[in-house]
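Accompanying notes for the structure given below.
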Amino acid sequence: MENVFFVGNSILQNSLTKIRDKNLKPSLVRKHLSIIGKILLIEALKIEDIKLKQVETWFTMDNFPVINEDDYVIVPILRAGLPMMEGCLEILEDAKVGFLAIKRDEETLESKVYYERLPDLKDKKVIITDPMIATGGSLIKAIEIIKSKNPKKIISLNVIASKEGIKKVSKFKDVLFYIGAVDPILNDKGYIVPGIGDAGDRCFNTL
């Protein structure tokens with residue numbers, strides 16, 4: 001799958017292992033999701049275009065390379081995508097932010113959108129933050145909504161995924177996926193095993 005990239009960074013893996021510990025405090029779950037979000041974004045931006053900006057240094061005026069942060073919109077999938085969004089905003093300080101709240105029905109496993117607040121995405125580069133690709137339903141729903149707004153590019157940052165989920169979302173050949181780890185199976189409730197549990201509940205202490 002040419003549009004799926006697995007990021008084997010050792011710092012990322014260290015943070016992921018800490019998140020896997022079910023006894024990790026919510027504040028530290030958020031912290032390490034933020035760290036992983038930054039690492040995934042840095043990897044994704046390695047191939048992005050840059051432009052030259054005139055800067056006054058201590059000694060002269062000159063042109064230096066910058067990323068055009070105005071081109072980017074970060075879209076976390078609520079709630080679990082929020083800490084990753086915070087990490088991304090530490091890098092792309094001037095990016096815009098939109099929000100999608102998508103909840104999976106625990107009986108049917110179908111994903112439903114219950115809140116959408118997006119800026120103009122036309123010709124923008126959209127970065128989705130969502131810790132998990134389990135069944136893939138929520139991310140597919142998010143991508144479909146975002147694609148309907150005519151963005152220039154879509155990048156999805158995901159901490160952990162199932163093989164089944166990757167297979168489903170990779171059908172979007174024009175979307176780039178940056179993933180920290182792949183776990184082998186989904187259980188009968190659609191959770192990744194061994195996984196990281198319910199990331200939203202763990203982040204915000206609502207287990």
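Every read-out reported here was derived from the displayed coordinates using simple, explicitly stated rules and does not represent laboratory data. These numbers come from a predicted model, not from an experiment. Heads up, the Cβs are rebuilt from the backbone with ideal geometry, glycines too, and the neighbour counts pull from every protein chain shown.
Other residues whose C-beta falls under 12 angstrom from the C-beta of LYS38 contribute a net charge of -2, scoring Lys and Arg +1 and Asp and Glu -1. Name the shape class, rounded, prolate or oblate, that the alpha-carbon gyration tensor gives for region 6-122, where a ≥ b ≥ c are the square roots of its eigenvalues, rounded holds for a/c under 1.5, and otherwise prolate holds if a/b is larger than b/c and oblate otherwise. Oblate, since a/c reaches 1.5 and b/c is not below a/b. Sequence-distant contacts, meaning Cα pairs under 8 Å at least 6 residues apart, place the relative contact order of region 84-136 at 32 percent. Charge dipole of the chain (Cα centre as origin; +1 on each Lys and Arg Cβ, -1 on each Asp and Glu Cβ, all else neutral): 400 debye, rounded to the nearest 20. In the chain, the DSSP beta bridges split such that about 35 percent are antiparallel, to the nearest 5.
The structure shown yields Rg and Dmax of the Cα atoms in Å, and of the options [x] 17.3, 65; [y] 21.0, 81; [z] 16.8, 49 that calculated value carries the label [x]. As a rough guide to protection, the peptides 41-53, 127-139 ranked by mean Cβ packing within 10 Å, highest first, stand as 127-139, 41-53. Each Lys or Arg adds one and each Asp or Glu subtracts one; over the other residues with Cβ under 10 Å from the Cβ of ASP174, this totals +3. The phi-based Karplus calculation (6.51 cos²θ - 1.76 cosθ + 1.60; θ = phi - 60°) puts the 3J(HN,Hα) values of region 31-36 at 4, 6, 5, 5, 4, 5 Hz, whole numbers, x for Gly and Pro.
Under the definition of Cα pairs under 8 Å and six or more residues apart, what whole-number percent is the relative contact order of region 26-72?
Computed over region 26-72, the figure is 26 percent.
Report the local net charge at LYS22: Lys and Arg +1, Asp and Glu -1, summed over other residues whose C-beta lies under 13 Å from its C-beta.
Around LYS22, the surrounding residues sum to +1.
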